[in-house]
Amino acid sequence: MTTRIVAGAAGVEEASALLAAGQIVALPTETVYGLAASALDPEAAARVFEAKERPAFDPLIVHLPSLDWLDRLTTAAFDPLVQSLIQRFWPGPFTLVLARRPIVPDIVTSDLPTVAVRMSAHPLFRAVLDHFGAPVAAPSANRFGRISPTAAQHVLEELDGRIPLILDGGPCAVGIESTVVAPIDGALHLLRAGPITAEDLAPFAPVLPPPSAIASPGQLPSHYAPLTPLRLLSSAAEVDKFKPAGPAGLLAWSRPFRPAQFAAMEVLTLRSDPREAAARLFAAMRHLDSLGLDLIVAEPPPPAGLGAAILDRLRKASAYSE
Ligand code: TXA
Ligand code: MG
């Protein structure tokens with residue numbers, strides 16, 4: 001199969017027609033590129049698992065074309081806490097895990113009694129869903145365990161020859177995956193840290209850790225991983241003292257100059273802006289990963305707010321290597 005990249009609105013109708021035919025297509029969202037399939041078609045959803053080499057136990061996020069779909073797919077649409085959260089955070093980088101209705105195919109939720117739902121704010125993604133008129137299941141458009149794609153070219157690197165179409169919407173503005181939250185008994189269990197931070201959620205309900213390790217398979221320790229071993233250090237001072245044994249790259253937070261012991265450096269944000277850092281994180285990791293280095297050393301972000309989500313991705317990227 002040849003994979004074509006089509007830029008912008010020109011590809012909307014074609015993407016929608018492919019979805020209607022049970023095919024899978026890569027679409028831009030504000031967080032990362034998604035690999036979309038009709039969420040109500042189990043065979044189409046199976047194609048997503050196949051193209052990504054994703055294990056069947058890891059459920060997909062379902063993206064809604066409009067709010068009325070929430071009640072069609074879940075039993076929690078009119079829960080007051082759910083209502084206040086979606087009024088504040090949808091459309092946007094925010095995913096809710098809610099009790100599902102039988103219409104949602106088992107393969108999409110990996111047989112869980114819940115379904116993860118979100119509404120993207122990306123204009124191209126919304127245009128495709130408006131045209132298609134039904135929800136799509138769309139995990140990040142990378143092979144399982146690898147770095148999420150934040151540009152059409154990254155999707156091509158991951159899935160060339162496995163999917164017919166990538167809709168190119170340019171680089172993703174947010175750059176890290178949506179926050180995943182499960183409301184249970186009036187509390188919000190944070191299953192995946194993301195652009196909507198614990199601080200953003202706290203006014204709505206108590207924010208708690210995941211109820212158990214298996215509640216969100218995205219909690220698997222190794223995820224978002226480059227092929228080059230990545231080591232997360234605990235401070236800038238530790239980076240300055242670090243002596244790599246072979247050619248190493250530095251994934252820096254905000255330093256202007258490359259320390260001499262590193263062969264390459266990517267800086268996430270010279271102005272110490274976590275939003276800018278999040279938007280650049282995966283492209284910077286991907287670039288360092290392409291240089292044939294022995295090691296990538298990462299400097300930690302300040303851990304509050306969006307920094308917590310960035311730190312989470314760096315920890316997971318380093319899980320194989322430590
Ligand atoms: O920003 C995003 O969320 C992107 C864009 C494309 O929408 N999507 C994304 O999907 O990151 P994915 O499949 O890579 O991550 C979905 C996460 C996984 O950690 C999965 O385990 C969790 O959501 N998840 C999905 N359904 C769940 C469920 N029913 N219960 C608990 N966790 C669930
Ligand atoms: Mg993913």
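All of the numbers you see were taken from the coordinates with simple rules; none came from a lab. Note that the coordinates shown come from a computational prediction; the quantities given were computed from them, not determined experimentally. Using ideal geometry, Cβ is built from the backbone for each residue, glycine included, and neighbour counts are taken over all protein chains shown.
Across the range 1-110, counting alpha-carbon atoms alone, Rg and Dmax equal 14.9, 47 Å.
Shape class of the range 230-317 from the alpha-carbon gyration tensor: prolate, with a/c at 1.5 or above and a/b greater than b/c. Within the range 237-292, the trypsin sites (Lys or Arg not before Pro) that combine a DSSP coil assignment with at most 14 other C-beta atoms in a 10 angstrom radius are Arg271. Phi angles across the range 94-106 convert, under the Karplus curve 6.51 cos²θ - 1.76 cosθ + 1.60 with θ = phi - 60°, into 3J(HN,Hα) values of 9, 10, 10, 9, 10, 4, 9, 8, x, 4, 6, x, 4 Hz, Gly and Pro given as x.
Treating each Cα of the range 4-208 as one equal point scatterer and applying the Debye formula with no solvent, the log10 of I(q)/I(0) at q = 0.15, 0.19 Å⁻¹ comes out as -0.86, -1.40. Between the alpha-carbon centers of the range 10-85 and the range 223-285, tell me the distance in whole angstrom. If we compute the Cα centre of each part, the gap is 33 Å. With the charge dipole of the chain set up from +1 on Lys and Arg Cβ and -1 on Asp and Glu Cβ about the Cα centre, the Cα lying farthest toward the positive end among the listed residues Leu124, Gly170, Ala7 is that of Gly170. Annotation: amide H-H contacts under 5 Å for His63 (H modelled 1.01 Å from N, sequence separation of 5 or more, or interchain): Arg118, Val136, Ala137, Ala138.
Overall, the chain carries a charge dipole of about 540 debye about its Cα centre when +1 sits on the Cβ of Lys and Arg and -1 on the Cβ of Asp and Glu, all other atoms neutral. Between His131 and Arg258, the contour length at 0.36 nm per residue exceeds the Cα-Cα span by 40.9 nm.
Between the exposed loop cleavage positions of the chain, defined as chymotrypsin sites (Phe, Trp or Tyr not before Pro) in a non-H, G, I, E, B DSSP state with at most 12 neighbouring beta-carbon atoms within 10 angstrom, the longest gap is 79-256.
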